1. Mean separation of Cα pairs under 8 Å and 6+ residues apart, divided by the residue count of the chain: what relative contact order is that in percent?
2. Could you identify which residue out of Gly265, Gly255, Gly302 has the top mean-square fluctuation in a GNM of the chain using Cα springs shorter than 10 Å?
3. Mean separation of Cα pairs under 8 Å and 6+ residues apart, divided by the residue count of segment 69-147: what relative contact order is that in percent?
4. So which residue, out of Ala324, Ala137, Ala23, gets the largest mean-square fluctuation from a GNM of the chain using Cα contacts under 10 Å as springs?
5. Could you check which residue among Ala108, Ala248, Ala281 shows the biggest mean-square fluctuation in a GNM of the chain with a 10 Å Cα cutoff?
6. Would you compute, from DSSP H runs of 4+ residues alone, the mean residue ellipticity of the chain at 222 nm, taking -39500 (n - 2.57) per run and dividing by the full residue count, rounded to the nearest 500?
7. Which helices count as membrane-span-like in the chain under these terms: full DSSP H, at least 27 Å along the axis by C-alpha, Kyte-Doolittle mean of -1.0 or more?
8. Counting only other residues whose beta carbon sits under 13 Å from that of Phe200, what net charge do I get with K and R as +1, D and E as -1?
Amino acid sequence: MFTTLAVAARDRKRLAEISGVAARFGLEAVLLRLGLGGGEAHADGPEPLSRRTRQALEALGPTFVKLGQILSTRSDLLPADWIVEFEQLQSAGPTLDFEGLRPEVEAALGGPPEQVFARFDTAPLAAASIAQVHRAALRDGTEVVVKVRRPGVRPRVEADLRLIAELARRAEQSSADIARYRPRALIAQLTEAMLDELDFTTEGRNVDRFAADFARNRDVVIPVVYWQHTTDSVLVQDYLDGVAPIDAARLRAAGIDPHRLARVGAEAVLDMVLVNGRFHADPHPGNLRGLPGDRVGLLDFGMVGTVTPRRRAELISFVQSLAAGDGARMPRCWPTGPRGRTSRAPA
């Protein structure tokens with residue numbers, strides 16, 4: 001498989017791993033259709049192809065999981081059953097014993113975390129494919145979380161991005177039907193998103209920008225970044241003690257009104273897109289918290305997008321037409337097309 005791909009020597013081992021996973025999940029037919037395989041397709045297994053593809057993406061790690069997450073939003077590219085499967089992709093990863101992270105943490109902090117912080121919990125609070133999160137307390141008692149990049153994840157992701165870019169190039173060359181979907185542009189989007197997520201100083205700057213955007217909005221809470229402890233591989237910010245917004249029973253038990261919370265969240269999104277021109281690009285429930293006072297807490301700013309002033313004006317015109325029930329006016333709100341490109345937030 002992948003016998004026709006010409007890749008750098010440094011990436012051949014990873015290419016062999018990818019090929020092995022593709023074979024294990026019976027994806028030869030898919031690769032042959034994309035012009036990426038040199039062998040014969042085996043008979044399909046008992047599981048649907050969409051499910052096997054999702055399982056393969058999970059097995060291949062963070063880069064491929066992120067690709068699947070992006071594809072899950074592209075109903076113009078994939079049929080409904082594939083969208084449903086790819087929507088199940090999560091960035092969660094296995095927990096790593098803290099001693100495996102300790103060298104990374106000590107190098108970033110300039111010493112053992114037990115000496116830098118008043119308290120540091122070696123048991124992880126959460127684990128994702130790129131990073132692991134631990135609770136801690138600053139010397140003044142402020143409760144924080146410490147997000148630590150997993151050792152070795154950067155070179156693996158960078159190798160994956162190079163290989164996927166080559167796969168996209170070959171797929172475009174092999175088929176005019178594939179080329180019209182511009183897979184290389186999709187991979188460019190993936191590359192930008194992944195490289196942003198690998199550098200925690202980029203995320204920290206994004207947090208600061210959103211904090212400034214919502215400085216006068218008491219209903220939206222953005223954590224404070226503690227730059228004296230933050231590097232490209234370690235991010236320290238406020239711990240937001242809240243409730244996942246999808247758990248209505250727990251919200252009510254905490255004295256939080258789910259309906260009011262939903263309204264605050266919707267208004268925050270409108271503020272981001274229509275007023276500030278900068279939006280959280282990964283707002284799944286794991287990145288949101290319901291807080292006392294029916295406030296919304298926002299987490300994880302590794303993926304952020306911007307909306308140009310022209311696009312904002314078009315969106316506002318469209319929303320006004322929708323509110324007025326003016327269907328005839330709606331198409332005229334999009335002189336550049338309703339799927340015009342939004343740019344990434346600057347680092």
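1. 12 percent
2. Maximum among the listed residues: Gly255.
3. Numbers: 99 pairs, mean separation 16.9, N = 79.
Relative contact order comes out at 21 percent.
4. Comparing Ala324, Ala137, Ala23 in the GNM, the peak value goes to Ala324.
5. Among Ala108, Ala248, Ala281, the largest mean-square fluctuation in the Gaussian network model of the chain belongs to Ala248.
6. Details: 14 runs with 155 residues, N = 347.
-13500 deg cm²/dmol, from helical runs alone.
7. Working: long enough: 153-174 (31 Å, -0.50).
Helices passing the filter in the chain: 153-174.
8. Numbers: positive: Lys147, Arg149, Arg150, Arg154, Arg205; negative: Glu104, Asp196, Glu197, Asp199, Glu203, Asp208, Asp232, Asp300.
Summing Lys/Arg as +1 and Asp/Glu as -1 gives -3.
Where a number appears in this text, it was derived from the coordinates with a stated rule and is not lab data. As the structure is a computational prediction, the values presented were derived from the model and not from experiment. Note: ideal-geometry Cβ built from the backbone for every residue, glycine included; neighbour counts use all protein chains shown.
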